[in-house]
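In what follows, a structure is listed as C-alpha coordinates, so that the remarks can point back to it.
The values are calculated or read from the model by the stated rules, or taken from the named source; none is laboratory data. Predicted model, so just to flag it, every value in this text is computed and none were measured. Cβ placement follows ideal geometry from the backbone for every residue including glycine, while neighbour counts extend to all protein chains displayed.
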Amino acid sequence: MEERLQKIISGAGIASRRAAEQMILAGRVSVDGRVVTELGTKWDAALHEIVVDGRPIGRQERRVYFLLNKPKGCLSSAKDDRGRKTVLDLLPEVRARVYPVGRLDYQTEGLLLITNDGALMQGLLHPKYEVEKTYLAEVDGALTEDKLKMLREGVPLEDGMTAPAKVRMLPEKGRFSQVEVTIHEGRNRQVRRMFAAVGCDVRRLERVRFAGLELGELARGRHRELTESELAKLRALAGMADEEGKR
(Lines give C-alpha, C1' and ligand atoms only; values in the text may rest on other atoms or scores of the structure.)
Protein backbone atom coordinates (compact mmCIF):
# COMPACT_ATOMS: atom_id res chain seq x y z
CA MET A 1 0.00 0.00 0.00
CA GLU A 2 1.36 3.41 -0.96
CA GLU A 3 1.75 6.01 1.76
CA ARG A 4 3.42 9.39 2.04
CA LEU A 5 7.14 9.00 2.65
CA GLN A 6 7.08 10.88 5.95
CA LYS A 7 4.25 8.63 7.11
CA ILE A 8 6.30 5.50 6.35
CA ILE A 9 9.28 6.85 8.30
CA SER A 10 7.08 7.81 11.24
CA GLY A 11 5.32 4.45 11.22
CA ALA A 12 8.69 2.70 11.40
CA GLY A 13 9.31 4.42 14.74
CA ILE A 14 12.27 6.46 13.48
CA ALA A 15 10.80 9.91 14.05
CA SER A 16 7.55 11.81 14.36
CA ARG A 17 5.86 12.76 11.10
CA ARG A 18 7.03 16.38 11.35
CA ALA A 19 10.58 15.32 12.18
CA ALA A 20 10.47 12.91 9.23
CA GLU A 21 9.52 15.81 6.96
CA GLN A 22 12.62 17.67 8.11
CA MET A 23 14.75 14.59 7.40
CA ILE A 24 13.40 14.44 3.86
CA LEU A 25 14.00 18.15 3.24
CA ALA A 26 17.55 17.76 4.57
CA GLY A 27 18.32 15.04 2.00
CA ARG A 28 18.67 12.26 4.58
CA VAL A 29 16.20 9.91 2.88
CA SER A 30 16.55 7.90 -0.32
CA VAL A 31 14.22 5.58 -2.22
CA ASP A 32 15.74 2.88 -4.42
CA GLY A 33 19.11 4.63 -4.26
CA ARG A 34 17.83 8.10 -5.18
CA VAL A 35 17.68 10.92 -2.63
CA VAL A 36 14.14 12.24 -2.25
CA THR A 37 13.69 15.78 -0.93
CA GLU A 38 10.13 16.44 -2.06
CA LEU A 39 7.39 16.17 0.55
CA GLY A 40 4.21 14.34 -0.29
CA THR A 41 5.59 11.64 -2.59
CA LYS A 42 3.98 8.24 -2.04
CA TRP A 43 5.69 4.86 -1.94
CA ASP A 44 5.00 1.27 -0.98
CA ALA A 45 7.46 0.21 1.73
CA ALA A 46 6.99 -3.43 0.70
CA LEU A 47 8.10 -2.76 -2.89
CA HIS A 48 10.76 -0.05 -2.56
CA GLU A 49 13.99 0.23 -0.57
CA ILE A 50 13.68 3.23 1.71
CA VAL A 51 16.86 4.32 3.48
CA VAL A 52 17.17 6.91 6.29
CA ASP A 53 20.65 8.11 7.26
CA GLY A 54 22.16 5.12 5.48
CA ARG A 55 19.98 2.54 7.22
CA PRO A 56 17.20 0.73 5.32
CA ILE A 57 13.69 0.61 6.70
CA GLY A 58 12.45 -2.95 6.77
CA ARG A 59 9.09 -3.99 5.46
CA GLN A 60 6.44 -2.51 7.72
CA GLU A 61 4.76 -4.82 10.17
CA ARG A 62 1.06 -4.72 10.88
CA ARG A 63 0.50 -2.23 13.67
CA VAL A 64 -0.57 -3.76 16.95
CA TYR A 65 -1.73 -2.19 20.21
CA PHE A 66 -1.87 -3.91 23.60
CA LEU A 67 -2.85 -2.82 27.09
CA LEU A 68 -0.79 -4.68 29.72
CA ASN A 69 -1.27 -4.88 33.48
CA LYS A 70 2.40 -4.87 34.48
CA PRO A 71 3.40 -6.77 37.65
CA LYS A 72 6.21 -5.80 40.01
CA GLY A 73 9.69 -7.17 39.33
CA CYS A 74 9.47 -6.64 35.59
CA LEU A 75 11.38 -4.14 33.44
CA SER A 76 9.57 -1.75 31.11
CA SER A 77 11.95 -2.35 28.22
CA ALA A 78 12.23 -4.51 25.13
CA LYS A 79 15.28 -6.39 26.45
CA ASP A 80 17.78 -6.40 29.30
CA ASP A 81 21.53 -6.99 29.11
CA ARG A 82 21.45 -8.69 32.52
CA GLY A 83 18.77 -11.18 31.53
CA ARG A 84 16.08 -9.83 33.81
CA LYS A 85 12.40 -10.29 32.96
CA THR A 86 10.89 -7.59 30.76
CA VAL A 87 7.30 -6.72 29.89
CA LEU A 88 7.75 -8.31 26.46
CA ASP A 89 8.26 -11.68 28.17
CA LEU A 90 4.59 -11.38 29.14
CA LEU A 91 3.55 -11.27 25.46
CA PRO A 92 5.29 -14.39 24.07
CA GLU A 93 2.79 -14.86 21.25
CA VAL A 94 3.38 -11.36 19.81
CA ARG A 95 5.79 -11.62 16.90
CA ALA A 96 5.91 -7.95 15.93
CA ARG A 97 8.72 -5.76 17.27
CA VAL A 98 6.81 -3.89 19.95
CA TYR A 99 7.88 -1.42 22.61
CA PRO A 100 6.34 0.00 25.79
CA VAL A 101 5.01 3.56 25.61
CA GLY A 102 6.96 5.20 28.41
CA ARG A 103 8.09 3.27 31.46
CA LEU A 104 7.03 2.07 34.85
CA ASP A 105 9.89 1.42 37.25
CA TYR A 106 10.81 -2.11 38.35
CA GLN A 107 8.58 -2.14 41.43
CA THR A 108 5.64 -0.18 39.99
CA GLU A 109 2.58 -2.07 38.79
CA GLY A 110 -0.25 -1.25 36.48
CA LEU A 111 -1.24 0.02 33.08
CA LEU A 112 1.30 0.02 30.29
CA LEU A 113 0.60 0.51 26.60
CA ILE A 114 2.66 -1.60 24.18
CA THR A 115 2.77 -1.05 20.41
CA ASN A 116 4.91 -0.87 17.27
CA ASP A 117 3.30 2.40 16.16
CA GLY A 118 6.16 4.85 16.54
CA ALA A 119 4.15 7.92 15.63
CA LEU A 120 1.49 7.19 18.23
CA MET A 121 4.15 6.46 20.83
CA GLN A 122 5.93 9.75 20.25
CA GLY A 123 2.70 11.72 20.23
CA LEU A 124 1.49 10.28 23.53
CA LEU A 125 4.85 11.04 25.15
CA HIS A 126 5.31 14.52 23.67
CA PRO A 127 5.18 17.18 26.44
CA LYS A 128 2.99 19.54 24.43
CA TYR A 129 0.00 17.16 24.50
CA GLU A 130 0.09 16.79 28.31
CA VAL A 131 -1.33 13.27 28.25
CA GLU A 132 -2.46 12.38 31.76
CA LYS A 133 -1.33 9.40 33.86
CA THR A 134 -3.08 8.48 37.11
CA TYR A 135 -1.44 6.50 39.92
CA LEU A 136 -2.66 4.96 43.16
CA ALA A 137 0.04 5.41 45.80
CA GLU A 138 0.25 3.74 49.21
CA VAL A 139 2.26 6.20 51.27
CA ASP A 140 4.05 6.00 54.63
CA GLY A 141 4.36 9.34 56.38
CA ALA A 142 2.01 12.11 57.44
CA LEU A 143 0.38 13.86 54.50
CA THR A 144 -0.52 17.23 55.95
CA GLU A 145 -2.54 19.85 54.11
CA ASP A 146 0.69 21.80 53.51
CA LYS A 147 2.27 18.76 51.82
CA LEU A 148 -0.80 18.14 49.70
CA LYS A 149 -0.77 21.79 48.68
CA MET A 150 2.88 21.46 47.58
CA LEU A 151 2.11 18.39 45.48
CA ARG A 152 -0.83 20.16 43.86
CA GLU A 153 1.15 23.29 43.08
CA GLY A 154 4.50 21.67 42.18
CA VAL A 155 7.50 20.47 44.15
CA PRO A 156 11.20 21.15 43.52
CA LEU A 157 13.20 18.15 42.28
CA GLU A 158 16.83 18.00 41.20
CA ASP A 159 15.73 18.32 37.57
CA GLY A 160 13.41 21.26 38.21
CA MET A 161 9.98 22.11 39.56
CA THR A 162 7.19 19.67 38.75
CA ALA A 163 4.00 20.80 37.06
CA PRO A 164 0.91 20.98 39.28
CA ALA A 165 -0.58 17.56 40.00
CA LYS A 166 -4.13 16.48 40.75
CA VAL A 167 -4.06 14.85 44.19
CA ARG A 168 -6.98 13.14 45.94
CA MET A 169 -6.87 11.46 49.33
CA LEU A 170 -8.59 8.05 49.60
CA PRO A 171 -9.57 6.06 52.74
CA GLU A 172 -6.51 4.92 54.71
CA LYS A 173 -5.29 1.33 54.50
CA GLY A 174 -3.98 0.39 57.91
CA ARG A 175 -1.31 2.88 58.86
CA PHE A 176 -0.68 3.89 55.26
CA SER A 177 -2.30 6.76 53.36
CA GLN A 178 -3.94 6.02 50.02
CA VAL A 179 -3.50 8.77 47.46
CA GLU A 180 -4.61 9.15 43.84
CA VAL A 181 -2.18 11.28 41.84
CA THR A 182 -2.58 12.47 38.26
CA ILE A 183 0.35 14.01 36.36
CA HIS A 184 1.12 14.73 32.72
CA GLU A 185 4.91 14.85 32.88
CA GLY A 186 7.07 11.80 32.26
CA ARG A 187 10.17 12.17 34.41
CA ASN A 188 12.00 9.14 35.76
CA ARG A 189 10.36 7.78 38.95
CA GLN A 190 8.49 11.08 39.22
CA VAL A 191 5.67 10.14 41.59
CA ARG A 192 8.03 8.46 44.07
CA ARG A 193 10.36 11.47 43.94
CA MET A 194 7.48 13.91 44.45
CA PHE A 195 6.42 12.19 47.65
CA ALA A 196 10.02 11.90 48.83
CA ALA A 197 10.36 15.67 48.34
CA VAL A 198 7.59 16.23 50.91
CA GLY A 199 8.99 13.67 53.34
CA CYS A 200 6.86 10.63 52.51
CA ASP A 201 7.83 7.15 51.32
CA VAL A 202 5.82 5.38 48.62
CA ARG A 203 5.38 1.76 49.72
CA ARG A 204 3.34 0.64 46.71
CA LEU A 205 2.58 2.32 43.41
CA GLU A 206 0.16 1.34 40.67
CA ARG A 207 -0.73 3.17 37.46
CA VAL A 208 -4.48 2.83 37.06
CA ARG A 209 -5.13 5.14 34.12
CA PHE A 210 -3.18 6.40 31.10
CA ALA A 211 -4.47 8.56 28.23
CA GLY A 212 -8.05 7.69 29.14
CA LEU A 213 -7.38 3.92 29.20
CA GLU A 214 -8.24 1.94 32.33
CA LEU A 215 -7.34 -1.58 33.47
CA GLY A 216 -10.90 -2.66 34.23
CA GLU A 217 -10.96 -6.37 35.08
CA LEU A 218 -7.61 -7.12 33.42
CA ALA A 219 -5.59 -9.32 35.80
CA ARG A 220 -2.00 -8.57 36.78
CA GLY A 221 0.44 -9.89 34.18
CA ARG A 222 -2.27 -10.19 31.49
CA HIS A 223 -2.81 -8.15 28.34
CA ARG A 224 -5.47 -7.43 25.74
CA GLU A 225 -5.72 -5.66 22.40
CA LEU A 226 -7.13 -2.16 22.24
CA THR A 227 -10.54 -1.59 20.70
CA GLU A 228 -11.01 0.64 17.67
CA SER A 229 -12.73 3.29 19.79
CA GLU A 230 -9.86 3.29 22.31
CA LEU A 231 -7.35 3.62 19.49
CA ALA A 232 -9.26 6.53 17.93
CA LYS A 233 -9.19 8.39 21.27
CA LEU A 234 -5.46 7.77 21.66
CA ARG A 235 -4.77 9.13 18.18
CA ALA A 236 -6.76 12.26 18.99
CA LEU A 237 -4.79 12.78 22.23
CA ALA A 238 -1.50 12.30 20.32
CA GLY A 239 -2.40 14.90 17.71
CA MET A 240 -3.08 12.28 15.03
CA ALA A 241 -6.85 12.74 14.60
CA ASP A 242 -6.42 13.83 10.98
CA GLU A 243 -3.67 11.31 10.21
CA GLU A 244 -5.65 9.26 7.72
CA GLY A 245 -6.49 12.31 5.67
CA LYS A 246 -2.81 13.19 5.28
CA ARG A 247 -1.71 9.94 3.67
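For G154, the requirement of being surrounded by fewer than 18 Cβ atoms within 10 Å (Cβ to Cβ), farther than 22 Å from R204 by Cβ and in contact with a strand residue (DSSP E or B) (Cβ under 7 Å, 6 or more places away or on another chain) is met.
Remark: I50 falls outside the filter, which requires a residue to be in contact (Cβ under 8 Å) with a residue 12 or more places away in the chain, within 21 Å of the chain's Cα centre (by Cα) and farther than 24 Å from H223 by Cα.
Okay, residues lined up against (1) under 20 Å from the mean Cα position of the chain (by Cα); (2) closer than 28 Å to K166 by Cβ; (3) buried (at least 16 other Cβ atoms within 10 Å of the Cβ):
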| site | (1), (2), (3) |
| --- | --- |
| R55 | no, no, no |
| R62 | yes, no, no |
| A78 | yes, no, no |
| D89 | yes, no, no |
| G110 | yes, yes, yes |
| L113 | yes, yes, yes |
| G123 | yes, yes, yes |
| E138 | no, yes, yes |
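Here's a check for you: in segment 100-118, which residue that is in a strand (DSSP E or B) and in contact with an Asp or Glu (Cβ under 8 Å, 6 or more places away or on another chain) is nearest to R235 (Cα to Cα)? Taking the candidates together, the pick is L111.
Of all residues in segment 133-150, at least one satisfies being modelled with pLDDT of 90 or more and within 28 Å of A20 (Cβ to Cβ).
Taking the listed residues V167, V179, the one that is β-branched (V, I, T), more than 16 Å from the chain's Cα centre (by Cα), surrounded by 12 or more Cβ atoms within 10 Å (Cβ to Cβ) and under 23 Å from L68 (Cα atoms) is V179, with no other qualifying. Do we find that K72 is surrounded by fewer than 18 Cβ atoms within 10 Å (Cβ to Cβ), of a type in the set (K, R) and either in contact with a strand residue (DSSP E or B) (Cβ under 7 Å, 6 or more places away or on another chain) or under 27 Å from G239 (Cβ atoms) (or both) in this structure? The answer is yes for K72.
Residue check: L124 meets all listed conditions (1) in a helix (DSSP H, G or I); (2) farther than 24 Å from L67 by Cβ but one, namely (2). For segment 6-25, indicate whether the set of residues that are within 26 Å of L205 (Cα to Cα) and in contact with a strand residue (DSSP E or B) (Cβ under 9 Å, 6 or more places away or on another chain) is non-empty. No - not one qualifying residue is present in segment 6-25.
For segment 174-181, does any single residue satisfy the condition of being closer than 30 Å to A232 by Cβ and in a strand (DSSP E or B)? Within segment 174-181, one or more residues are closer than 30 Å to A232 by Cβ and in a strand (DSSP E or B). Screening the candidates T115, T86 for the property of being at pLDDT 90 or above and under 23 Å from H184 (Cα atoms) yields one hit, T115.
Among the residues of segment 170-209, those that are touching a residue at least 60 places away in the same chain (Cβ under 8 Å) and more than 14 Å from T108 (Cα to Cα) comprise G186, C200. Of all the residues in segment 136-150, those that are part of a helix (DSSP H, G or I) and of a type in the set (D, E, K, R) number 4.
Only one of the numbered conditions (1) under 30 Å from K147 (Cα atoms); (2) at pLDDT 95 or above; (3) within 16 Å of the chain's Cα centre (by Cα) is not met by N188, and that is (2).
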